[in-house]
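Chemist: I'd like to ask you about the structure that follows.
The values are calculated or read from the model by the stated rules, or taken from the named source; none is laboratory data. Quick caveat: nothing in here was measured; it's all calculated off a predicted structure. Cβ: placed from backbone, ideal geometry, glycine included. Neighbour counts: every protein chain shown.
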């Protein structure tokens, strides 16, 4: 997550190629490093002491850098979760890791000095949307053997998403990796509970879900296919520029989808262009509800920094904060700017 944030700041999301030969190696490395971080978090507070950071490096890389003490002293802060001593959270640990590997890199301790290449957009516009349909039918029960996998669309730490078919119908299938933990399964059930309530033309539609493992296979989620990818994909990868009327329409459709989500008592907590999918008839759909909660308030960090509301972002820096669904409105406003400018937020700062 932290590395993705750094890449976004440099405008290099468009260079993250899903079919990269190193993708699986990188994924395994991040999974391993996450496990090492959790293992060193002895008090389960989400932060590491100096001993914990040394243990992380020793476990992940079998070496403790000579300048680790100095870097730790610069990055460590008193965190509200452990006010008795200075510690580092995962973002600070990523900074330490970065400076160990690239001490002369563009990311200094306090500021970022990127070297930007000006993007040349194609002189293409997005077609006018056609009818936004919600004629999809739910599938129940979901049987693993009926899902025919095709091209991999993406992979995360918990599973992979494939383009495929189910009973001859085109679908996208998210297949969980081996041995999902009880917490992962609980989070999956909560997400599916929400998705089964969503039935709106501007919300990504869940066709069906299997949330347990059995002799047939691991958990499997089936969703409608959004052929154009995300709005971010349209401007960052395909280099499309949105005329004003298209930016307005995408914004309006996302507002309708978000309003529907809020009417069900949920907040999304990760509104951004990467989580707005576009169908083949160019209808925008709010998607990726993995961070959504039906709690009226929350106090943990959720979302992506560039789109994150201030009352959420300050939690990253050790301050206590309670926020509600209005955090989505802030993120939506940042995303609306993004639609009109076809640029990653804060990429120049």
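Chemist: In segment 107-116, is there at least one residue being surrounded by fewer than 13 Cβ atoms within 10 Å (Cβ to Cβ) and at pLDDT 80 or above?
Modeler: Scanning segment 107-116 turns up no residue that is surrounded by fewer than 13 Cβ atoms within 10 Å (Cβ to Cβ) and at pLDDT 80 or above.
Chemist: In this structure, does residue 161 turn out to be crowded, with 21+ Cβ neighbours inside 10 Å and under 20 Å from residue 285 (Cβ atoms)? Full working, then the answer.
Modeler: Values: crowded, with 21+ Cβ neighbours inside 10 Å: no; under 20 Å from residue 285 (Cβ atoms): yes.
No: the conditions fail for residue 161.
Per-residue answers, yes or no, for (1) in the same structural domain as residue 86 (by TED's automatic domain parsing); (2) closer than 16 Å to residue 200 by Cα; (3) at pLDDT 95 or above:
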{"site": "246", "(1), (2), (3)": "no, no, no"}
{"site": "258", "(1), (2), (3)": "no, yes, yes"}
{"site": "261", "(1), (2), (3)": "no, yes, yes"}
{"site": "280", "(1), (2), (3)": "no, no, no"}
{"site": "308", "(1), (2), (3)": "no, no, no"}
{"site": "317", "(1), (2), (3)": "no, no, no"}
{"site": "324", "(1), (2), (3)": "no, no, yes"}
{"site": "334", "(1), (2), (3)": "no, no, yes"}
{"site": "347", "(1), (2), (3)": "no, no, no"}
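Chemist: Being surrounded by 16 or more Cβ atoms within 10 Å (Cβ to Cβ) and at pLDDT 80 or above is true for just one of 149, 137, 86. Which residue is that?
Modeler: Values: 149 fails: surrounded by 16 or more Cβ atoms within 10 Å (Cβ to Cβ); 137 fails: surrounded by 16 or more Cβ atoms within 10 Å (Cβ to Cβ).
One residue alone meets the criteria, 86.
Chemist: Which residue out of 236, 313, 333, 255 is under 22 Å from residue 90 (Cβ atoms) and part of a helix (DSSP H, G or I)? Don't jump to the end; show me each part of the working.
Modeler: Details: 236 fails: under 22 Å from residue 90 (Cβ atoms); 333 fails: under 22 Å from residue 90 (Cβ atoms); 255 fails: under 22 Å from residue 90 (Cβ atoms).
Going through 236, 313, 333, 255 in turn, just one is under 22 Å from residue 90 (Cβ atoms) and part of a helix (DSSP H, G or I): 313.
Chemist: Please work out if residue 204 is in contact (Cβ under 8 Å) with a residue 12 or more places away in the chain and within 21 Å of residue 163 (Cβ to Cβ). Quick ask: steps written out before the conclusion?
Modeler: Working: in contact (Cβ under 8 Å) with a residue 12 or more places away in the chain: yes; within 21 Å of residue 163 (Cβ to Cβ): yes.
Criteria met by residue 204.
Chemist: It is to be established whether one or more residues within segment 20-38 are at pLDDT 75 or above, touching a helix residue (DSSP H, G or I) at 6+ places or on another chain (Cβ under 9 Å) and not assigned by TED's automatic domain parsing to the domain that holds residue 158. Can you show your working first?
Modeler: Taking segment 20-38 as the starting set, the residues that turn out to be at pLDDT 75 or above are 36-38.
Within this subset, residues satisfying the condition of being touching a helix residue (DSSP H, G or I) at 6+ places or on another chain (Cβ under 9 Å) are 36-37.
Checking which are not assigned by TED's automatic domain parsing to the domain that holds residue 158 leaves us with 36-37.
Yes; the residues of segment 20-38 include at least one that is at pLDDT 75 or above, touching a helix residue (DSSP H, G or I) at 6+ places or on another chain (Cβ under 9 Å) and not assigned by TED's automatic domain parsing to the domain that holds residue 158.
Chemist: Next question. Among the residues of segment 191-199, are any assigned to a loop (DSSP other than H, G, I, E, B), at pLDDT 85 or above and surrounded by 18 or more Cβ atoms within 10 Å (Cβ to Cβ)? Full working, then the answer.
Modeler: So in segment 191-199, the residues assigned to a loop (DSSP other than H, G, I, E, B) come out as 196-199.
If we keep only those that are at pLDDT 85 or above as well, we get 196-199.
This time we only want the ones that are surrounded by 18 or more Cβ atoms within 10 Å (Cβ to Cβ), so: 198.
Within segment 191-199 (the criterion being assigned to a loop (DSSP other than H, G, I, E, B), at pLDDT 85 or above and surrounded by 18 or more Cβ atoms within 10 Å (Cβ to Cβ)), the answer is yes, since at least one residue qualifies.
Chemist: Another question, if that's okay. Yes or no: residue 340 free of Cβ contacts under 8 Å to residues at least 24 places away in the same chain and assigned to a helix (DSSP H, G or I)? Break it down stepwise before answering.
Modeler: Working: free of Cβ contacts under 8 Å to residues at least 24 places away in the same chain: no; assigned to a helix (DSSP H, G or I): yes.
So residue 340 does not fit the description; no.
Chemist: Determine the pairs where a residue that is over 16 Å from residue 213 (Cα atoms), located within segment 138-157, has a partner that is modelled with pLDDT of 90 or more and assigned to a loop (DSSP other than H, G, I, E, B) with Cβ atoms under 8 Å apart, the partner being 6 or more residues away or on another chain.
Modeler: Taking only residues 6 or more apart or on different chains, the pairs are 138/196; 139/167.
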